[in-house]
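> I'd like to ask some things about the structure below.
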Amino acid sequence: MHVAVIGTGYVGLVTGACLAHLGHSVICVDNNPAKIEGLQRGRLPIYEPGLEELVRRGSASGQLRFTTDLRSGIENSQVIFIAVGTPALPSGDPDLRYVEAVAREIGQHLDEQYRVIVNKSTVPIGSGDWVRMIILDGAAEAAKQRFNSSGESHLEELRQAGNPETVTGQGSVATLQGSRWMPHFDVVSNPEFLREGSAIHDTFNPDRIVVGSDSERAIEIMQQLYEPILSRQGGLSGDPVPWVVTDLASAEMIKYAANAFLATKISFINEIANICERTGADVTQVADGIGLDKRIGRAFLNAGLGWGGSCFPKDVAALIQTAADYGYEARLLRATVEVNQEQRQRLVEKLQQALKVLKGKTIGLLGLTFKPNTDDMRDAPSLSLIEHLHKLGAKVKAYDPVVSGSGIREGLAHVVVETDVLRLAQDCDALVLVTEWQEFQTLDYGRLAGLMRRPLLIDGRNCLDRQALRQVGMTVLGVGW
Ligand code: NAD
Ligand code: UGA
């Protein structure tokens, strides 16, 4: 199948590379020329395990191509994915300007061929219909321009190109200059559930694939597109993947509800952790104990510094905002956010309790990214810690397996980024494990303790072996024990 993916970020690039691997002919479009030029040369704009190899193979076979030209990108594509960013505005609402720009541009370049236009970006409930409207507006603008420049004859061409089945008389194009021509497409919602750091595994092995649409034709095309994943073809193993068909609004809501539930689960265990600290229980044992209950499950019950990243914060905020727009106060979700914000603050309080005055102290952060195996710093808990500690007069240093060696320095003005962990530990009054990178499991903590001014380590992710650390002379604190 011929597929265009617009936006080559964490979602778009992974989706494009995986679909190409499954045998589809994929063209990835981005309006950032540096990104596309890099991709054409095999240079990836993001760090995601396994992606470089997948892109290299896709490019070599010709199944995966890259362009900045949306028009040529969508020319022969039956399915067009919109996978651009939807970051949060200060109000909490998602910023839909990138989706809007792409939808308009798609509309401007549609021809008589039928297309399925897929909202893969996380967009608020009702966006499917809105995207449809913007596409029609784009098509109307383009038709108008053509009409003005080439006269009545072109309008006649458009009329002739129009497929009579699709003429509803409702859309902007249909009313334009009395023309009965409309572009021929359906918009479907196909929310993405991949996690950064395991994005390729998640794409090939999803728990479900959700498609929201009221068009049987569009649903059938989407099912054909995903057939290799659904029925485990092309080297994929395991059980068939559930195929979930819903209306547009429900698919959009499934995405927000899933992220809001997971964020709430983490805030819940962090709240339990805070009670554990006061009562002498150990949240790790509690999580194991409740996680064995199949109705609860152990996943996403790791207490720590709380959730960050490009999606939980903005998606929970957006759902709260949507609820408010409809006159409902989402109290549970507000509490979820509040607990999460305070969790970062609590770590600073732990440092204050241990070191008293932080002014003039040196704190070393192990990890900067919002989770391991990514270079993504969006809403990373490390950024709040850095700002807070800096305000309190501490000197902050950090080492991160990916960020240290990369050019990423956005938001890092108040931290000295070290290139190795020994330099990080040198003269520190405390180390804080912020991101549970695998390499932090095997560090020589005895050696690090010897380099520090005080051998204090706060394990902000409860991922290290406390006993082993104590044996090598480190004082260890954690979250919820
Ligand atoms: P991103 O910021 O990494 O990438 C977006 C890309 O879109 C960028 O490369 C940008 O240059 C490009 N772009 C913007 N405007 C464009 C235009 N007019 N034409 C062509 N390209 C354009 O974003 P992301 O993290 O991949 O997220 C994309 C969407 O997927 C968001 O709505 C997000 O909520 C959702 N999502 C993300 C994840 C994730 O793990 N990051 C997971 C599930 C869903
Ligand atoms: C999350 C969801 O898991 C994906 O399903 C979804 O597609 C994605 O958001 C999205 O919409 O973008 P992601 O943000 O990549 O994926 O990473 P997660 O593994 O979910 O972690 C999110 C945050 O929660 C991280 O900061 C992580 O450290 C924190 N977390 C996670 C905990 O604090 N405790 C846990 O038990 C699990």
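Rundown of residues vs (1) farther than 23 Å from VAL357 by Cα; (2) touching a residue at least 24 places away in the same chain (Cβ under 8 Å), yes/no style:
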residue	(1), (2)
GLU387	no, yes
LEU422	yes, yes
LEU431	no, yes
GLN438	yes, yes
PRO455	no, no
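> Can you pull out the residues in the stretch 21-60 that are open to solvent by less than 60 Å² (accessible area, probe 1.4 Å), more than 27 Å from LYS371 (Cα to Cα) and more than 10 Å from ligand 1 (Cβ to nearest atom)?
Listed by number, the residues that qualify are LEU22, GLY23, HIS24, SER25, VAL26, ILE27, GLY58, SER59.
> Would you call GLU37 at pLDDT 95 or above and among the acidic types (Asp, Glu)?
Yes: the conditions hold for GLU37.
> Please state which of the following conditions ASP69 fails to meet, knowing it meets all the rest: (1) surrounded by fewer than 15 Cβ atoms within 10 Å (Cβ to Cβ); (2) touching a Leu at 6+ places or on another chain (Cβ under 8 Å).
For ASP69, the failing item is (2).
> Does the stretch 250-265 include one or more residues that are in a helix (DSSP H, G or I), more than 8 Å from ligand 2 (Cβ to nearest atom) and more than 23 Å from TYR10 (Cα to Cα)?
yes
> Still on this structure, I have one more. Taking the criterion of being under 15 Å from GLY308 (Cβ atoms), open to solvent by 20 Å² or more (accessible area, probe 1.4 Å) and under 24 Å from the mean Cα position of the chain (by Cα), would at least one residue in the stretch 438-448 satisfy it?
No, every residue in the stretch 438-448 fails to be under 15 Å from GLY308 (Cβ atoms), open to solvent by 20 Å² or more (accessible area, probe 1.4 Å) and under 24 Å from the mean Cα position of the chain (by Cα).
> Could I ask something else about it? For the stretch 181-199, which positions are more than 15 Å from ligand 1 (Cβ to nearest atom) and of a type in the set (D, E, K, R)?
Hit for the stretch 181-199 is ASP186, nothing else.
> List pairs: first residue in the stretch 196-208 and touching a residue at least 40 places away in the same chain (Cβ under 8 Å), second residue not in a loop (DSSP other than H, G, I, E, B) anywhere in the structure, Cβ distance under 6 angstrom, at least six positions apart or on different chains.
So the pair list comes out as GLU196/TYR10; ALA199/VAL14; THR203/VAL14; THR203/CYS18.
> If a residue must be out of contact with any Ser or Thr (no Cβ under 6 Å at 6 or more places or on another chain), open to solvent by less than 60 Å² (accessible area, probe 1.4 Å) and either more than 16 Å from ligand 2 (Cβ to nearest atom) or assigned to a loop (DSSP other than H, G, I, E, B) (or both), how many such residues does the stretch 126-144 contain?
Number satisfying all stated conditions: 8.
> Take the residues in the stretch 289-310 that are under 28 Å from the mean Cα position of the chain (by Cα), of a type in the set (D, E, K, R) and more than 23 Å from GLY197 (Cβ to Cβ), then tell me which one is least open to solvent (accessible area, probe 1.4 Å).
Once the filter is applied, the top-ranked residue is LYS294.
> Which of the residues that make up the stretch 245-273 are open to solvent by less than 10 Å² (accessible area, probe 1.4 Å) and of a type in the set (A, V, I, L, M)?
Within the stretch 245-273, ALA251, ALA260, ALA263, ILE269, ALA273 meet the criteria.
The values are calculated or read from the model by the stated rules, or taken from the named source; none is laboratory data. Values in this document were obtained by computation on a predicted structure and should not be read as measured data. Note that each Cβ is placed from the backbone with ideal geometry, even for glycine, and that neighbours are counted across all protein chains shown. The accessibility values were calculated without ligands, DNA or RNA, using every heavy atom of the protein model including side chains. Shrake-Rupley method; radii C 1.70, N 1.55, O 1.52, S 1.80 Å.
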